Amino acid sequence: MKRFSAATRISIGVTCLTLSILLAAQGLGGNSWENIGPIWYETMIQLTSTSDFKACARISVQVATTHGAAAKKAVQAAWKKVGITV
C-alpha cells in the first residue's frame, strides 16, 4: 500500500473541495456569487479547526437546504462526484 505525505493528502483534499464547489456551481447555473457563493460562505464560517472534509460536506448540504431543493441537490451531487456521500 502506497503512503502519501501529509502535504499530498492536504493537496488532494483541497482539490476535492475546490472541485465540489465548481461542480455545485455548474449544477445550479446562473451567477456563482448569487447562488453557490452564499452557501459556501455560510458553510466556511461554521467550520472549526477540527472539521474534516466529511464535516464540510455535511454542513454545506445543511446550509444548501436553506437555499432550496435545487441547491441541496446540486451540493449533494457535487460531493458525491468527488467521493463523499452525504
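We did not get these values from a lab; they are worked out from the coordinates using the rules stated. Quantities reported herein were computed from a predicted structural model and do not represent experimental measurements. A quick note on method: Cβ atoms are made from the backbone with ideal geometry, for glycine too, and the neighbour counts reach across all protein chains shown.
Miscellaneous remarks
- About the centre of its Cα atoms, the range 6-81 shows a dipole size close to 300 debye [charges on the beta carbon of Lys, Arg (+1) and Asp, Glu (-1) only; nearest 20 debye].
- Using equal-weight Cα scatterers in the Debye expression, the normalised intensity of the range 6-81 in log10 at q = 0.15, 0.16, 0.18, 0.25 Å⁻¹ is -0.46, -0.52, -0.65, -1.19.
- Shown for V86, V63: other C-beta atoms within 10 Å of each C-beta, ranked fewest to most, produce the order V86, V63.
- Computed extension length for K81-T66: 3.2 nm, one decimal, from 0.36 nm per residue of separation with the Cα-Cα distance subtracted.
- Net +/- balance of residues flanking A64 in space, Cβ distance below 10 Å, scoring K and R +1, D and E -1: +1
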